[in-house]
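> Shown below is the structure under consideration.
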Amino acid sequence: MIRLSSVIQSLLDRETLSLVADFLSLAGFILSMFVLWNVRKLRNVYRLRARGPALIKELGKASTNLSKFLNELADFLPQVKEEMARAAVKLRALRRHTGSDQKRTIKRVLRAIDQCEITVENEEQVRLVYIEILKITEELKDCQKDLNWEV
Amino acid sequence: MPTEKNKWIDAVGKLIALTQERKLVWRAFGTNTVETDYAGKTLRLSSDYDENVEMRFSNLKLVEPDSGVVWEFPYSEANEHLMQAARYQLVGVGEFLDELLTKSA
């Protein structure tokens, strides 16, 4: 009985209490960070759910227009530039709402669009960028479908 | 990252480029199907109606000409673009536009 009370006594002394408080503060901080991270993730999921379909549809439209203009690139250079710019705007908007994997891919495609010189001589490069836009559109569509299974 | 799907998009993207550069010549096979030959195989692109979603989808198939065995490419939006490019070539949209715009009124 005396031993038990001495153990309780030692647990309740100031130093131990301080240690427990420190530990609990740290655990609370970690938990807060975890909750914050999850809230951020959830917010992005819902943003992509809300804005994603329209943005992906517009991105798809830009890639469809691009493919039509590529039938006669020499005649439609300004239109190709316009559609590339439109696709870049949609991708920038989508980047804010996607996960890290898609963010990386979008960043790569945006860099490709920015660096692409839209001229007849550079047709091969223009076509490569167009295919990259097609690929990211499909990837984002798949990502959107996956969201239906989350939360 | 669906790399496998990307591979198919790359392949269809190449077919779109070849079509638009007139290196791949398509022929009509009915109103909703077009065909071409490439590397000893026949490529068949057909616009099929899906009753479940009430929409048309372009399906690309690779056909072995001797046996008639058919293999279907996985679907992607690129198929629709290829169909548009093939129809653009078959209808002669480019030539039509040139003639329309150069002809004096």
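The values are calculated or read from the model by the stated rules, or taken from the named source; none is laboratory data. Remember, predicted model here, so these are calculated numbers, not experimental data. Counting neighbours? That spans all protein chains shown, and the Cβs are built from the backbone with ideal geometry, glycine included.
> Consider only pairs whose beta carbons are under 7 Å apart and that are at least six residues apart or on different chains; among these, list those whose first residue lies in the range A:112-138 and is within 11 Å of another protein chain (Cβ to nearest Cβ) and whose second residue is in a helix (DSSP H, G or I) and of a type in the set (D, E).
A:I131/B:D10; A:L134/B:E77; A:T137/B:E77; A:E138/B:E77
> Of (1) of a type in the set (K, R); (2) in contact with a His (Cβ under 7 Å, 6 or more places away or on another chain); (3) at pLDDT 80 or above, A:R86 satisfies all except one. Which?
Evaluating A:R86 over (1) of a type in the set (K, R); (2) in contact with a His (Cβ under 7 Å, 6 or more places away or on another chain); (3) at pLDDT 80 or above leaves (2) as the failure.
> Of the residues A:I113, A:I106, A:I118, only one is over 27 Å from the mean Cα position of the chain (by Cα) and either at pLDDT below 95 or assigned to a helix (DSSP H, G or I) (or both); which?
Among A:I113, A:I106, A:I118, only A:I118 is over 27 Å from the mean Cα position of the chain (by Cα) and either at pLDDT below 95 or assigned to a helix (DSSP H, G or I) (or both).
> In the range A:86-101, which residues are surrounded by fewer than 15 Cβ atoms within 10 Å (Cβ to Cβ) and touching a residue at least 12 places away in the same chain (Cβ under 8 Å)?
A:R92, A:R96, A:G99
> Has the range B:48-58 got at least one residue that is in contact (Cβ under 8 Å) with a residue 60 or more places away in the chain, in contact with a strand residue (DSSP E or B) (Cβ under 6 Å, 6 or more places away or on another chain) and among the hydrophobic types (A, V, I, L, M, F, W, C)?
There is no residue in the range B:48-58 that is in contact (Cβ under 8 Å) with a residue 60 or more places away in the chain, in contact with a strand residue (DSSP E or B) (Cβ under 6 Å, 6 or more places away or on another chain) and among the hydrophobic types (A, V, I, L, M, F, W, C).
> If I go through the range B:1-59 residue by residue, how many of them are β-branched (V, I, T) and within 14 Å of chain A (Cβ to nearest Cβ)? Break it down into steps so the answer makes sense when it comes.
Looking only at the range B:1-59, we keep the residues that are β-branched (V, I, T), and these are B:3, B:9, B:12, B:16, B:19, B:25, B:31, B:33-34, B:36, B:42, B:53.
After this cut, where a residue has to be within 14 Å of chain A (Cβ to nearest Cβ) as well, the list is B:3, B:9, B:12, B:16, B:19, B:53.
Total satisfying the criteria: 6.
> Still on this structure, I have one more. Within the bounds of the range A:62-80, is there any residue that is surrounded by 10 or more Cβ atoms within 10 Å (Cβ to Cβ), part of a helix (DSSP H, G or I) and among the basic types (K, R)?
yes
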